[in-house]
2 protein chains.
Amino acid sequence: MKLLIRDREILSSALNKGGYRPTPQREHIYLIILNKRDHPTADEIYVRCKKEMQGISLATVYNCLEMFVECGLVKQVNFEREPSRYCPNLMEHAHFHCKNTGKVFDIDLPNEYFNEIKKLLPNSFNTDIVEINFRGICKTEMDETSQLVNE
Amino acid sequence: MKLLIRDREILSSALNKGGYRPTPQREHIYLIILNKRDHPTADEIYVRCKKEMQGISLATVYNCLEMFVECGLVKQVNFEREPSRYCPNLMEHAHFHCKNTGKVFDIDLPNEYFNEIKKLLPNSFNTDIVEINFRGICKTEMDETSQLVNE
DNA sequence: GTAATAATTAGAATCATTCTATGAAACTTT
DNA sequence: AAAGTTTCATAGAATGATTCTAATTATTAC
């Protein structure tokens with residue numbers, strides 16, 4: 001399992017922009033996040049990383065994730081006060097969180113939707129981020145790594 | 001500072017429905033939440049409670065808040081992994097969270113909005129809750145206890 | 001009024017996350 | 001390519017919100 005040249009370039013240019021360097025650990029963690037887009041927690045990422053890089057520490061995983069979020073490489077996704085999850089989908093999108101399975105799905109809403117909703121805010125507010133989370137039940141055997149698109 | 005008869009009735013009927021009893025602590029915590037609707041944390045509620053009920057414990061505050069949420073008396077509101085906040089506004093509404101002041105504002109979106117957005121979900125999903133959070137900057141001296149209504 | 005049940009309390013435990021100190025690796029400047 | 005400086009990775013301790021535990025107190029049912 002290796003990073004594509006293209007992804008390695010995305011990673012190193014984003015890191016450089018933030019004043020950081022690519023390292024083996026950072027590349028590996030990034031690979032893991034790109035590889036299975038099921039919104040893993042820091043701990044899940046740590047476990048997956050260890051399979052191919054036994055010496056990696058949980059602290060490094062946390063450090064890298066924070067750095068990736070700062071550099072705009074991944075999004076941090078939170079539900080209630082559960083452990084944070086990480087998502088490499090950089091498009092503006094919503095999430096569905098299943099209360100039975102715990103699975104998380106990306107939901108692509110039409111782009112106008114996010115713009116419209118921002119316009120509804122009284123102009124005493126200045127928003128950059130709108131977060132939309134659905135909570136409910138997903139109908140069985142869905143694969144949370146497949147991205148759901150509305151027409 | 002005392003609960004209105006009407007509010008006491010709302011409280012005790014909701015508690016009874018859940019199999020719980022009203023107690024002095026529960027009434028007092030409920031009063032505190034109704035009284036200043038600025039989305040306080042459990043700890044802030046605890047501090048406010050102690051002013052008139054010195055012996056109350058933080059554990060009781062947590063217990064009651066969980067119970068109130070279960071009974072549908074208040075909503076639990078979370079931003080990122082910050083401490084949970086509590087909100088007695090039971091209408092379906094959004095929140096604005098100011099990243100400068102930390103203040104939280106209720107945002108009433110037109111009701112159709114919530115319905116429309118639920119319709120956009122692929123029908124392999126069954127949602128009961130849609131959470132919409134704005135994050136940004138609020139223009140100065142706004143009072144977070146005033147509810148913001150869109151026409 | 002006594003037994004049974006429910007509520008409150010203080011303090012310990014938990015768990016995700018952050019911090020700290022240390023040592024290793026990688027650039028700079030010669 | 002060595003010496004000095006900075007950045008990184010690591011283990012383990014610390015933090016802080018929340019939950020749990022065990023003991024005490026209050027309330028209800030008989």
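Computed from the coordinates by the stated procedures, all read-outs in this text should not be read as laboratory data. Computed from a prediction, not measured in an experiment: that's the story for all the values here. As a convention, Cβ positions derive from the backbone with ideal geometry for all residues, glycine included, and neighbour counts pool all protein chains shown.
One compactness figure for the stretch A:1-47 is 1.15, namely its Cα radius of gyration divided by 2.2 N^0.38 Å. Between this copy and the others, label points of B:ARG8 are 7.3 nm apart in ascending order, each placed 7 angstrom from Cα in the Cβ direction. Compared with the dominant Cα axis of chain A, that is its longest principal axis, helix A:42-52 is turned about 30°.
Amide H contacts of A:LYS75 (H built 1.01 Å from N, in plane; Pro and chain starts excluded): A:CYS87, A:ASN89 sit under 5 Å, all sequence-distant by 5 or more or on other chains.
Listed as lacking a disulfide-compatible partner in chain B: B:CYS49, B:CYS64, B:CYS71, B:CYS87, by the criterion of no other cysteine Cβ under 4.7 Å. Restricting the calculation to Cα atoms, the stretch A:20-119 yields a radius of gyration followed by a Dmax of 14.8, 49 Å. In the protein assembly as shown, helical runs assigned H by DSSP with n ≥ 4 each contribute -39500 (n - 2.57); averaged across all residues and rounded to the nearest 500, the mean residue ellipticity at 222 nm is -12000 deg cm²/dmol.
GluC sites (Glu not before Pro), restricted to the stretch B:112-141: which are DSSP loop and have at most 10 other Cβ atoms within 10 Å? Answer by residue number: B:GLU141.
Taking Cα atoms only, the orientation of helix B:58-70 departs from the longest principal axis of chain B by about 50 degrees.
Antiparallel beta bridges, as assigned by DSSP with both residues in chain A, represent about 55 percent of the total such bridges.
In chain A, the longest principal axis of the Cα atoms and the axis of helix A:24-35 are about 40 degrees apart.
Considering Cα pairs under 8 angstrom that are at least six residues apart, work out the relative contact order of the stretch B:5-77 and quote it in whole percent.
Working: 48 pairs, mean separation 23.7, N = 73.
That works out to 32 percent.
A:TYR62 label point (Cα plus 7 Å toward Cβ) to equivalent points in the other copies: 2.0 nm, shortest first.
Do you know the relative contact order of chain B, to the nearest whole percent, from alpha carbon pairs under 8 angstrom that are 6+ apart?
Working: 178 pairs, mean separation 30.7, N = 151.
Once divided by the residue count of chain B, the mean separation gives 20 percent.
Kirkwood analysis of the Cα pair distances in the protein assembly as shown returns a hydrodynamic radius of 21.6 Å. Coordinate range of the alpha-carbon atoms in the stretch A:5-77 per principal axis, descending: 28, 26, 23 Å.
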